[in-house]
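The values are calculated or read from the model by the stated rules, or taken from the named source; none is laboratory data. The shown structure was predicted, so the numbers you read here are calculated from the model rather than taken from an experiment. Glycine also receives a Cβ, built like all others from the backbone with ideal geometry; neighbour counts cover every protein chain displayed.
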Amino acid sequence: MEKTFEPQSIEQQCYEKWEAAGYFKPTGHGDPYCILLPPPNVTGSLHMGHGFQQTIMDALTRYHRMKGDNTLWQVGTDHAGIATQMVVERRLNAEGKTRHDLGREAFIDKIWEWKEESGGTITRQMRRLGTSTDWDREVFTMDDNLSKAVTEVFVRLHDEGLIYRGKRLVNWDPVLHTAVSDLEVLNEEEAGHMWHMRYPLADGSGELVVATTRPETMLGDTAVAVHPDDERYQAFIGKDIRLPITGRLIPIIADDYVDPEFGTGCVKITPAHDFNDYDMGKRHSLPMINLFTDDAKINNEAPEAYRGLDRFDARKQIVADLDAEGLLVKVVDHKLKVPRGDRTGAVIEPYLTDQWYVAVESLAKPAVEAVESGEIRFIPENWNKTYYQWMNNIQDWCISRQLWWGHRIPAWYDNEGNVFVGRDEAEVRSRYKLEEAVELKQDNDVLDTWFSSALWPFATMGWPEETPELDTFVPSSVLVTGFDIIFFWVARMIMMTKKFTGKIPFKDIYITGLIRDENGDKMSKSKGNVLDPIDLIDGIDLESLVSKRTSGMMQPQLAKKIEKNTRKQFADGINAYGTDALRFTFAAMASTSRDINFDMSRVEGYRNFCNKIWNASRFVLMNTETEDTGRDGGELVLSLADQWIWAQFQKTLKEFESALADYRFDIAAQTVYEFTWNQFCDWYLELTKPVLNSDASTDAEKRGTRHTLINVLEQLLRLLHPLMPFITDTIWQRVAPLSDAGVKEGETSIMIQSFPEVKAERENDKVLADIEWLKRFIIGIRNIRGEMDISPNKPLNAILRNVSEQDQERLDLAAPFIDKLAKLESITTLKAGEQAPASATALVGEMEILIPMAGLIDKDAELARIAKAMGKAEQDVARANGKLSNEKFVNSAPEAVIAKERSKLEEAETALAKLKEQHATISAL
RNA sequence: GGACGCUUAGCUCAGUUGGGAGAGCAUCGCCCUUACAAGGCGAGGGUCACUGGUUCAAGUCCAGUAGCGUCCACCA
């Protein structure tokens, strides 16, 4: 094996082997375990969030596969209607064309081309991450099967009256020319103005002053409203206003909705362009005047002077005209929430159009109950509050989009505008008994992307056909996703899956945190702080990173700053850390917090961890490959250390599995890291050396230690595999043949081996305690060396005092280990009454280790060391004394706590006494 | 306006039912010891945001304050 771990040389070929061998498929036996991959955008590329979530899903998938479950990780991609259409449209614009130049069909062909061209990017990147999804079942949301399910759901919901078409006020994106759902609108606070305008009464008897943030909509006003109890305006209610500019007569109405305290207490009502006004218009049967065209320009309803003006130009013009007529009272600065489209950033316009809706109320109820009953569980649990809050106030879902890319709505219109819904035109004709002569045109609109995503749990399993997969893998086991799509996706999947299968879509919902940069900022192209997981795997030089971060920007003016920051933060580019290190980092950072600041130094640390595993394995192989490991029989005598590492491993295994059951990947990672580095490498491997390198060891002892080395490593690799698939398989190929696991004839892989099982007979508290004692002994001496500047190479003689029977027993077992690890020449025991030479001291419980100082040790340094230890001991004594002398403590605390406190006191007092004695001895020199 | 979250070592974060403050990275000292210098050994470092309460005992439970953040709703 190479001396240093080089991930590049192993990862790709490893993956190809797995995929070719079909290891990612469900085995068909065992308990079903299924994870649905949240389908990434087909034309997207892998970002840190994907890397993070997919690491978690893959770890769970590999773990359950090794546990013997019938494991499916369902993979697929999403057509992502708006996002994809925009990308292709932008490319078209770059050529100086628009989608209208091409026409609908040609444009859609263009998107399919683009999909074929770039659609594999993300799945290729996923393979680099090691994702063990079943690629043979890969699904695209616009595949025929999925589209069939979409149509089926639409038709069935429509037949039940749960999908309807209606003219309503919707959120209109004037750039995209489409309706969007409430969720796709972001409300950001922005600085604006409030215009106070005079509205004269029709009878000339006075005026009202209305305040508005949108003066241009006054052209569509159909009333002015005041609060019914507002004394100022009692006399006005019922009278008419002559609306300036238009000259139309509009009534003054009273409505509770008006807040008398706000503005002037008079509100202009524009039912066609404001959601609240719309409701009020309905209540008061007001006319609705639509003022705008599709791209938010003034239409022909307005006086001629304004027609064709953009809404913001119209605003200026109207304000100027009112001012000229003396109707503008004042303009005040005002902060307001501006609705913007999440894709375009354009100001969203409430707009009166015909759209399709899902009546969600009846679907929401069972979906809420599924969580309330505990059938579906959010992890962390708190997210259920977010879910309830939204579900309990849920509004009908606008599902039609005036886009070209997506599932076309299965509705047809005749020339009279009658609507017919059916699975296809032929079915419509037979259903509604329409003759061939009747001309039918399909609805131009497509469905919201999330409509098809909502069907993911069952549509990917073959629905509406009755398939075995529907029985086996619905519900799936856990959904791993971010909180940002709880409403968009999670809630809707629950509703739709309950509705169409009667089952829940998944049992657990594990909500991950959001990956941010090291400063806690969201990673975004415009901030220039995006990291590509692949760059962390393969590495990237500075120049490439800079050009990657600054190319194709929406706001090119930011490029300079981004370049500067990038050059500063990554002066040497990014090292190649390999997939396993990156995955382990993701796992280690997956705590319960909702924001995860990605810290590059963690990756480096875990790359070092990979190297540690690599080198530990080299050591094990060096000592076993050409030696007898007892695989073919032969007596095995296990040393204290051998028994200990087995016992430690059982503990680690239990902790790991329990952490995984709680979705605490950080704890799981921490646990195996600690075991591997701090126990297996730092102690166990060192403890095997005295056995393996000593002529005093018997063959059976050496065989026992080699057997333990190779088999613990073999099991450790299996334990680590779910988190670090590549390095573990690579090493395992060399290790397994030497171990009891053996390798079956022909090719195999660690990923289809069983997960290690806890063996009760290997748990051993006595041995654990013995080795703890041994560690304290060795650390005591190392501490003396370290603080007294004694070379690690200098052999020392240790003298023991106050040796108990148990100490003596342990010493008999452990002496050879101690000699080697503490580099001792001799250990002698001071007999009763015998005088000790001047020495540096370490305590192991009540036993004292004395290192004679002659010629070695600096008196002052040793006095300082003892003083420090005394300080600690004094503190301990004081604290324990304080507690134990407190009557209330002794009376109320549980017996175990008190006993513990007593023994702590005793221990500290003993230590203090010995230290004092020692201090006196040294001082006297 | 409503809901939720965060504040612990220089940095990034753990801290399970209340019972002696932890990790990684960074820092300091010593070591090229035949698995590993991407390493070994040793060490230093915290008023657990603040105030009060409950309790024998609070980082942990309760109330409040400050700061930061997210989501939902929204007054023209």
Exactly one of A:Ala840, A:Ala832 is of a type in the set (A, V, I, L, M, F, W, C), in a loop (DSSP other than H, G, I, E, B), away from RNA strand B (no atom under 11 Å from the Cβ) and under 18 Å from A:Leu800 (Cα atoms), and that residue is A:Ala832
Within segment A:170-220, restricting to residues that are part of a helix (DSSP H, G or I) and charged (D, E, K, R), the one that is farthest from the chain's Cα centre (by Cα) is A:Glu216
Among the candidates A:Ala191, A:Ala235, A:Ala202, A:Ala211, residue that is within 12 Å of RNA strand B (Cβ to nearest atom), farther than 24 Å from A:Ala454 by Cα and of a type in the set (Gly, Ala, Ser): A:Ala211
Give me the pairs: first residue in segment A:330-358 and at positive phi and surrounded by fewer than 18 Cβ atoms within 10 Å (Cβ to Cβ), second residue in a loop (DSSP other than H, G, I, E, B) and modelled with pLDDT of 85 or more, beta-carbon distance under 9 Å, and six or more apart or on different chains, which are they? A:Gly345/A:Val175
So A:Arg165 clears everything in (1) within 9 Å of RNA strand B (Cβ to nearest atom); (2) surrounded by 15 or more Cβ atoms within 10 Å (Cβ to Cβ); (3) over 28 Å from A:Thr246 (Cα atoms) except one condition, right? Which one? (1)
Give the residues of segment A:284-297 that are within 20 Å of A:Ala223 (Cα to Cα) and either in contact with a helix residue (DSSP H, G or I) (Cβ under 9 Å, 6 or more places away or on another chain) or buried (at least 18 other Cβ atoms within 10 Å of the Cβ) (or both), sorted by residue number. A:Leu286, A:Pro287, A:Met288, A:Ile289, A:Asn290, A:Leu291, A:Phe292
Among the residues that make up segment A:76-95, is at least one of them charged (D, E, K, R), within 16 Å of RNA strand B (Cβ to nearest atom) and either assigned to a helix (DSSP H, G or I) or without any contact (Cβ under 8 Å) to a residue 60 or more places away in the chain (or both)? no
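May I ask you to say which residue of A:Ala700, A:Ala669 is within 11 Å of RNA strand B (Cβ to nearest atom) and either closer than 28 Å to A:Glu657 by Cβ or in a helix (DSSP H, G or I) (or both)?
On inspection, the qualifying residue turns out to be A:Ala669.
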First in segment A:736-747 and at pLDDT 80 or above, second anywhere and among the polar types (S, T, N, Q), Cβ under 6 Å, 6 or more apart: A:Leu738/A:Thr624; A:Leu738/A:Thr629; A:Ser739/A:Asn711; A:Asp740/A:Asn711
Enumerated helices (runs of 4 or more DSSP H) restricted to segment A:444-483, each holding at least 3 residues that are surrounded by fewer than 21 Cβ atoms within 10 Å (Cβ to Cβ) and without any contact (Cβ under 8 Å) to a residue 40 or more places away in the chain: A:468-473
Just one listed residue, out of A:Asp259, A:Asp294, is of a type in the set (Asp, Glu) and more than 30 Å from A:Ala411 (Cα to Cα), and it is A:Asp259
Single condition A:Leu176 does not satisfy, out of (1) touching a helix residue (DSSP H, G or I) at 6+ places or on another chain (Cβ under 8 Å); (2) within 15 Å of RNA strand B (Cβ to nearest atom): (2)
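Identify all residues within segment A:650-685 that are under 20 Å from A:Ala814 (Cβ atoms) and under 34 Å from the mean Cα position of the chain (by Cα); write none if there are none.
Across segment A:650-685, the qualifying residues are A:Asn678, A:Gln679, A:Phe680, A:Cys681, A:Asp682.
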If the requirement is being farther than 26 Å from A:His919 by Cα, surrounded by 14 or more Cβ atoms within 10 Å (Cβ to Cβ), touching a residue at least 40 places away in the same chain (Cβ under 8 Å) and not β-branched (Val, Ile, Thr), which of these qualifies: A:Ala814, A:Ala869, A:Ala873? A:Ala814
Among A:Met847, A:Met853, the single one that is at pLDDT 90 or above and more than 14 Å from RNA strand B (Cβ to nearest atom) is A:Met847
Residue selected from segment A:370-391 under the condition within 10 Å of RNA strand B (Cβ to nearest atom) and assigned to a loop (DSSP other than H, G, I, E, B), by the criterion surrounded by the most Cβ atoms within 10 Å (Cβ to Cβ): A:Pro380
Identify the single condition in (1) buried (at least 20 other Cβ atoms within 10 Å of the Cβ); (2) within 11 Å of RNA strand B (Cβ to nearest atom) that A:Thr708 does not satisfy, given that it satisfies every other one. (2)
Do you know which of the residues in segment A:703-742 that are part of a loop (DSSP other than H, G, I, E, B) and among the hydrophobic types (A, V, I, L, M, F, W, C) is farthest from the chain's Cα centre (by Cα)? A:Ala741
Report, by residue number, each residue of segment A:673-694 that is within 12 Å of RNA strand B (Cβ to nearest atom) and among the aliphatic types (A, V, I, L, M). A:Leu685, A:Leu687, A:Leu692
Residues being surrounded by fewer than 15 Cβ atoms within 10 Å (Cβ to Cβ) and either part of a helix (DSSP H, G or I) or more than 8 Å from RNA strand B (Cβ to nearest atom) (or both): count how many of those fall in segment A:889-914. 13
Output the residues belonging to segment A:244-271 that are among the charged types (D, E, K, R) and within 26 Å of A:Gln317 (Cβ to Cβ). A:Arg248, A:Lys268
Subset of segment A:854-866 (residues that are assigned to a loop (DSSP other than H, G, I, E, B) and without any contact (Cβ under 8 Å) to a residue 24 or more places away in the chain): A:Ala854, A:Gly855
Got a sec? Which of A:Asp396, A:Asp414 is more than 16 Å from RNA strand B (Cβ to nearest atom), surrounded by fewer than 22 Cβ atoms within 10 Å (Cβ to Cβ), of a type in the set (Asp, Glu) and modelled with pLDDT under 95? A:Asp414
Listed residues A:Thr141, A:Thr131; which is of a type in the set (Ser, Thr, Tyr), touching an Asp or Glu at 6+ places or on another chain (Cβ under 7 Å) and more than 15 Å from A:Gly406 (Cα to Cα)? A:Thr131
Could you list all residues from segment A:656-666 that are within 10 Å of RNA strand B (Cβ to nearest atom) and among the aliphatic types (A, V, I, L, M)? A:Ala659
What is the number of the single condition among (1) in a loop (DSSP other than H, G, I, E, B); (2) at negative phi; (3) touching a residue at least 12 places away in the same chain (Cβ under 8 Å); (4) more than 16 Å from RNA strand B (Cβ to nearest atom) that A:Pro251 does not meet? (1)
Residues satisfying the stated conditions in segment A:648-700, i.e. small (Gly, Ala, Ser) and surrounded by fewer than 17 Cβ atoms within 10 Å (Cβ to Cβ): A:Ser658, A:Ala661, A:Ser694, A:Ala696, A:Ala700
